[in-house]
Amino acid sequence: MVIQPIDTGKIVIIVVFVLFYLRLFMLRGRKMKQERAALAKKLRSVKKNKDAQPEQQNSFYRPRYGITSWWIMGPGFFLMLFGLLINTTTWFPSLIQPYDWVFIAIGGVLFIFGVK
């Protein structure tokens with residue numbers, strides 16, 4: 001097994017995707033904190049009004065992540081796909097083949113800003 005050396009492009013892609021996942025962890029933590037605060041507020045209101053009937057549990061599920069704008073996510077997806085095509089095919093000129101990582105990294109940055 002031959003281990004290829006890590007070049008600048010791979011380092012940039014790794015950093016961009018680590019930042020993307022850190023953003024997801026940050027959003028998940030914020031959402032969990034908001035859910036705990038809402039539950040605590042609901043429990044306080046139930047304790048104040050002991051005579052009142054507790055409300056039925058809302059069965060509506062809200063996902064933790066959302067899309068800020070499809071106008072950001074769409075180009076991000078296509079830029080990453082384009083970078084992958086440059087890397088895996090010979091359809092493109094050899095002048096841009098060493099810079100396939102630029103398209104993937106820009107697409108990843110767009111994904112960072114496209115998730116809320």
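Of all residues in the stretch 1-13, those satisfying the criterion of being surrounded by 13 or more Cβ atoms within 10 Å (Cβ to Cβ) and among the β-branched types (Val, Ile, Thr) are 12, 13.
Of all residues in the stretch 4-25, those that are in contact (Cβ under 8 Å) with a residue 40 or more places away in the chain and closer than 19 Å to residue 65 by Cα have Cβ atoms under 9 Å from Cβ atoms of residues that are outside any helix (DSSP H, G or I) and of a type in the set (A, V, I, L, M), 6 or more apart or on another chain, in 20/115; 23/115; 24/115. Annotation: of all residues in the stretch 60-112 being free of Cβ contacts under 8 Å to residues at least 40 places away in the same chain and of a type in the set (Val, Ile, Thr), the one that is farthest from residue 35 (Cα to Cα) is 90.
Taking the stretch 92-116 as the range and being closer than 17 Å to residue 68 by Cα and not in a helix (DSSP H, G or I) as the test, the residues that pass are 115, 116.
Residue by residue, here is whether (1) modelled with pLDDT of 85 or more; (2) of a type in the set (D, E, K, R); (3) farther than 23 Å from residue 110 by Cβ holds:
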{"position": "12", "(1), (2), (3)": "yes, no, no"}
{"position": "20", "(1), (2), (3)": "yes, no, no"}
{"position": "34", "(1), (2), (3)": "no, no, yes"}
{"position": "39", "(1), (2), (3)": "no, no, yes"}
{"position": "42", "(1), (2), (3)": "no, yes, yes"}
{"position": "57", "(1), (2), (3)": "no, no, yes"}
{"position": "60", "(1), (2), (3)": "no, no, yes"}
{"position": "73", "(1), (2), (3)": "yes, no, no"}
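The values are calculated or read from the model by the stated rules, or taken from the named source; none is laboratory data. Only a predicted model underlies this, so the values are computations on that prediction, with no experimental measurement involved. Glycine gets a Cβ as well: all are built from the backbone with ideal geometry, and neighbour counts include every protein chain shown.
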